[in-house]
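Novice: My structure is below; once you've seen it, I'll send some questions.
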Amino acid sequence: MIQSALSGDMPRSRILSLLLLAIFLVLAFAPFLFSGSQPINTAAKICIFIVLVASYDLLLGYTGIVSFAHTMFFGIGGYGVGLALYGWGPTWTSAGLGLAIALVVGAVLAFVIGLLSLRVRAIFYAMITLAVASAFAILASQLSEYTGGEDGRSFRVPQLLRPGTVLFDLPALGLRIDGRILSYYLVFFSALLLLLAALRIVNSPFGRVLQAIRENDFRAEALGYNVVYYRTVANCLAAGMAVLAGAMSAIWVRYTGPDTTLSFAIMLDILLMVVIGGMGTLYGAVIGATLFILAQNYLQKLMAVASEATSALPLVPHLLHPDRWLLWLGVLFILSVYFFPSGIVGKLREMERGR
């Protein structure tokens, strides 16, 4: 059953299997395991970015396409649902229509970009996608009458997903089941289903052709495959997943704006997560997103504790000051690339084969 759900793509490493199982269980029971808002927010963000990073890995890791427009599709999903809930009211119909419009807009843009740009090679395509994403971000900021400009839009979600909505009078396992918990599980199960769907895609004959194009597009074309067609379809599928990730983010945060969906810093974070986890494996998206977001949220706190513990030593407390967390995050990234050149998933699989 598990093998069928994973489309036959097993982790192929005992350590990796344990890591994935631990991440799944912690995310699945996060509201029951942790109190306070930060751990739940962190868990929800991990779920959202697993989908976003997996969708980007479908392009970069499986098809060999370097795109800098992925946050544009993430933003389309966030703005589509957010503006619909803001303008048409906090109903499920508004959210559904906003998501449908966002998916259509995202697919059309991905198709046009793919059709016009995928005929060019490597860095030229990346530059085109960067230009399109930058233009979209500027447009979203300047159309303040509709999008809220730099301030973005805050909105209400349907009644069932609001924190004030209590489903059961009696708590379950000591936890009151309210709208916020339902919102979390909506995000969690959406992320799980999208990841399983992505596994199905990459392990299908279509996915095998994408990997052949990644390895040698000239040879794939010589075998009779229309490379532009397959790349364009992959671009549309990845864009659709990114749109859904953006919608999940909007529902959870109840806000959409340029800084949370369209920022180029998010694009860099996605690239780092793909590299850390391992390109060409969707399990790398799970590992990379989890480690990176945990570091983003908790590295400062760990450094504050370490700085206090080493206060009697010279220089060390200054190096471990929480304000320098980005420096150490960069060091951790460099070390991960040096010791895990094929990503954490690739390294764990190599270790398993070497036994």
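Read the figures in this text as sums done on the coordinates, not as results from a lab. Just so you know, these numbers come straight off a predicted model, no measurement behind them. Note: ideal-geometry Cβ built from the backbone for every residue, glycine included; neighbour counts use all protein chains shown.
Novice: If you stretched the chain out fully between A312 and F189, how much longer would it get, using 0.36 nm times the residue separation minus the C-alpha to C-alpha distance?
Specialist: In short, 39.5 nm is gained.
Novice: For the chain, what does -39500 (n - 2.57) per DSSP helix run (n ≥ 4), summed and divided by total residues, give at 222 nm, in deg cm²/dmol to the nearest 500?
Specialist: -24000 deg cm²/dmol
Novice: Just to be sure I understand, if you calculate percent of Cα pairs over 38 Å apart for this structure, which of [x] 15; [y] 23; [z] 19 do you get?
Specialist: Among [x] 15; [y] 23; [z] 19, the one derived from this structure is [z].
Novice: Using θ = phi - 60° and the Karplus form 6.51 cos²θ - 1.76 cosθ + 1.60, what ³J(HN,Hα) does each residue of segment 271-288 get, whole Hz, x for Gly and Pro?
Specialist: Running phi through 6.51 cos²θ - 1.76 cosθ + 1.60 with θ = phi - 60° gives 4, 5, 5, 5, 5, 5, x, x, 6, x, 8, 5, 5, x, 5, 5, 5, x Hz.
Novice: Say each of I2 and L335 gets a label point 7 Å from the Cα, pointing the same way as Cα to Cβ; how far apart are those two points in nm?
Specialist: It is 3.1 nm.
Novice: Here is a further query. Treat each spin label as a single point 7 Å out from the Cα along the C-beta direction, and report the K301 to V108 distance in nm.
Specialist: According to this spin-label approximation, the distance is 4.5 nm.
Novice: Just how far, in whole angstrom, is segment 168-218 from segment 277-313 if you go by their alpha carbon centroids?
Specialist: Centre-to-centre (Cα) distance: 23 Å.
Novice: A further question on this structure: Of the peptides 72-78, 307-313, 98-104, how do they stack up when ordered by the mean number of other Cβ atoms within 10 Å, highest first?
Specialist: The packing order, highest mean first, is 72-78, 98-104, 307-313.
Novice: Continuing with the same structure: Short version: ³J(HN,Hα) in whole Hz for each residue of segment 322-339, in order, from phi by Karplus 6.51 cos²θ - 1.76 cosθ + 1.60 (θ = phi - 60°), x for Gly and Pro, what are they?
Specialist: Running phi through 6.51 cos²θ - 1.76 cosθ + 1.60 with θ = phi - 60° gives x, 5, 9, 5, 5, 4, 6, 5, x, 5, 4, 5, 4, 5, 5, 5, 5, 8 Hz.
Novice: Run the simple label-point estimate for F29 and D259 please: 7 Å along Cα→C-beta, distance reported in nm.
Specialist: That separation, rounded to one decimal, is 3.7 nm.
Novice: Once R0 is set to 30 Å, what does the formula 1/(1 + (r/R0)^6) return for the Cβ-Cβ distance between R324 and D9, expressed as a FRET efficiency to the nearest 0.05?
Specialist: E(calc), rounded to 0.05, equals 0.15.
Novice: Next question. So for each of 50-62, 326-338 I average, over its residues, the number of other beta carbons within 10 Å; can you give me the resulting order with the highest mean first?
Specialist: Packing order, densest peptide first, comes out as 50-62, 326-338.
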